[in-house]
Amino acid sequence: MTGPLIIVNLKAYAEGTGEQATRIAAAAREVAEESGAVIGVAPAYTDLGIIARDYDVPVYAQHIDGVTPGAHTGHVTAEQVRAAGAFGTLINHSERRLTLAEIEASLTAARRCGLQAVICTNNVATTAAAAALGPEYVAIEPPELIGTGVSVSKADPGIIERSVEAVRRVNPAVKVLTGAGISTGECVKIALGLGTDGVLLASGVVKAQDPAAALRDLVSLL
Ligand SMILES: O=C(CO)COP(=O)(O)O
């Protein structure tokens, strides 16, 4: 994949299964085709297989456990999401936080299965630690801005700059995403201008009346 990456995290917003995820996946595919942007979706596990099967978009799990297949009730393995068609996985989202040892174990599992790993972080120090582990991406999301509609690009551009700097210092091969409150093309443009490789967002698309229009706005200034 080339160019900036936009990942839409569907979290657990849907009350049921299927409908919302397929609508957003269809919009992601449509806007990606029109614009040439790379737009991935991170659906709930219950929707992952159907999205991967029926929609030509990169699909990310929202989390994987750092275990190998076996007696682990209530866990989800890298092997399972890979087999269901996932392309990658988020690890350590602020709403699904892990210890450093667990992050490393989940990353090892992702690597074992060829899943692209996006380690989410909440500040510059954890961004540097995550970069040291060498995932494909780290995604810095200040937790206090998540879901607020207040964009990290405008409210806290400094954390993006410092995170990009930290990653370049620790492991320049790692790419950087940012997120929290991202909802417009302007937010995306600012984030890219500060040195990131894309954005991770949720409510700006998931809660939009027209997800395709929201996605078109996001890619409008690329
Ligand atoms: O947590 C996020 C994406 O993973 C950001 O959520 P919002 O885009 O709703 O602020």
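The values are calculated or read from the model by the stated rules, or taken from the named source; none is laboratory data. Just so it is clear, the model here is predicted, and its values are computed rather than measured. When we count neighbours, we look across all protein chains shown, and the Cβ atoms used for this are built from the backbone with ideal geometry, even at glycine.
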The range 26-41, residues that are in contact (Cβ under 8 Å) with a residue 40 or more places away in the chain, hydrophobic (A, V, I, L, M, F, W, C), under 18 Å from D210 (Cα atoms) and part of a strand (DSSP E or B):
I39
Among the numbered conditions (1) within 16 Å of the ligand (Cβ to nearest atom); (2) more than 23 Å from E30 (Cα to Cα); (3) among the basic types (K, R), tell me where K207 comes up short.
(2)
Could you identify the single residue in G147, G158 that is part of a loop (DSSP other than H, G, I, E, B) and modelled with pLDDT of 95 or more?
G147
Any idea which of (1) out of contact with any Leu (no Cβ under 9 Å at 6 or more places or on another chain); (2) without any contact (Cβ under 8 Å) to a residue 40 or more places away in the chain; (3) closer than 17 Å to V206 by Cβ; (4) not in a loop (DSSP other than H, G, I, E, B) is the one R23 doesn't satisfy?
(2)
Taking first residues from the range 172-195 that are farther than 18 Å from I119 by Cα and without any contact (Cβ under 8 Å) to a residue 60 or more places away in the chain and second residues anywhere that are more than 12 Å from the ligand (Cβ to nearest atom) and of a type in the set (V, I, T), the pairs with Cβ under 6 Å that are 6 or more apart or on different chains are L194/I160
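Pick from A52, A14: which is over 15 Å from the mean Cα position of the chain (by Cα), within 16 Å of the ligand (Cβ to nearest atom), farther than 21 Å from I140 by Cα and free of Cβ contacts under 8 Å to residues at least 60 places away in the same chain?
Values: A52 fails: within 16 Å of the ligand (Cβ to nearest atom).
Answer to the selection: A14.
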